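To start, the structure under review is shown below, and the notes come after it.
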Amino acid sequence: MRMLQNFMLFLVFGALAIGSVQAQDAALDKGNILYIDLKSGRVAIQLRPDLAPKHVARVKKLAREGFYDGVVFHRVIKGFMAQTGDPKGTGTGGSKYPDLRAEFSKEPFTRGTIGAARTRNPNSANSQFFITLAAASHLNGQYTVWGRVIRGMERVDAIKLGSSSRNGAVDKPDKMLKVQVAADVSDHAVLSEPLSPVAGQTTQRRGSF
C-alpha cells in the first residue's frame, strides 16, 4: 500500500513539474527568442527589444534572411567573450544595411549577455555581436545589450578558443550552423532544458575590443 502511495505521489509531483516547465515555456515570447545552432547543439537567446528595439529588429531581419548561417566565431577570448556575425570572418565585415545608432542601457554585462560589437565609433554596430563568457562590468554602458542566453550556455562555453597572442583570433573557427527566430520553427526542445545559470558566474577577465 505504501509503495502504491509513493508511486502516486511521484506521478502527481512529476506531472506538476512538467506542467510548470510547459507553462514557463508557453510564457516565453517565441517571437523574441533566437536559436543559434552550433555543432554541440542549440543555444536559445532571449531578445530584449525593451532595451534595444532597433538592434533586435536588425538581428531578426538578418536571421530570417539567412545572413548568419555558416558565419564563424572569428574571435574568442577565454573568460571574456565569443564574437561572431561577420560574413568575412575577419572582424571587418557587416551586412548591406546601414550601421545602427547606439542603444546603451543600464543592463549589466553578466555571463551570457549578448552585446553589439562596434568600432570606436559608438554608432557603428551593424551585424556583429558577442556573447560574454563571464561578467564584464567594464563594458557596462559602453556597448548595446540586445539579449541574453537562457538555454545552452554550456554550448557557448565549448566554442573553440582563439589565440591569446593574436587577440583571440581563431584558427579553423567554429561557426553558427543556423540562426533562426524561434517563432519561425517547430522544434522547441531546447526550451525544456534547465535554465542556463548565466547570472551566477561573477569571475571577470578584463578584455577589450
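The values are calculated or read from the model by the stated rules, or taken from the named source; none is laboratory data. Treat the numbers as computed from the prediction; the structure is a model and nothing was measured. Positions of Cβ are backbone-derived with ideal geometry, glycine not excepted, and every protein chain shown enters the neighbour counts.
For the stretch 93-109, the criterion of being in contact (Cβ under 8 Å) with a residue 24 or more places away in the chain and on the phi > 0 side of the Ramachandran plot is satisfied by no residue at all. The numbered conditions (1) surrounded by 20 or more Cβ atoms within 10 Å (Cβ to Cβ); (2) touching a helix residue (DSSP H, G or I) at 6+ places or on another chain (Cβ under 9 Å); (3) not charged (D, E, K, R) are all true for Val185 except (1).
Checked against (1) buried (at least 22 other Cβ atoms within 10 Å of the Cβ); (2) within 17 Å of Arg75 (Cβ to Cβ); (3) among the small types (Gly, Ala, Ser), Gly152 meets all criteria but (2).
Taking the stretch 133-158 as the search range and keeping residues that are part of a loop (DSSP other than H, G, I, E, B) and over 14 Å from Phe109 (Cβ atoms), which one is nearest to the chain's Cα centre (by Cα)? Walk me through how you get there before you give the answer.
Kept after step one, since they are part of a loop (DSSP other than H, G, I, E, B), are these residues of the stretch 133-158: 133-134, 136, 140-144, 152, 158.
Going one step further and asking which of them are over 14 Å from Phe109 (Cβ atoms), we end up with 152, 158.
Working: Gly152: 9, Ala158: 13 Å.
Among those that are part of a loop (DSSP other than H, G, I, E, B) and over 14 Å from Phe109 (Cβ atoms), it is Gly152.
So which of Ser192, Ser186, Ser127 ends up being farther than 24 Å from Ala52 by Cα, of a type in the set (S, T, N, Q) and at pLDDT 95 or above? Break it down into steps so the answer makes sense when it comes.
Details: Ser192 fails: at pLDDT 95 or above; Ser127 fails: farther than 24 Å from Ala52 by Cα.
Of the residues listed, the single one that is farther than 24 Å from Ala52 by Cα, of a type in the set (S, T, N, Q) and at pLDDT 95 or above is Ser186.
Residues in the stretch 92-147 that are surrounded by fewer than 24 Cβ atoms within 10 Å (Cβ to Cβ) and among the charged types (D, E, K, R) were compared, and the one that is farthest from Gly66 (Cα to Cα) is Lys106.
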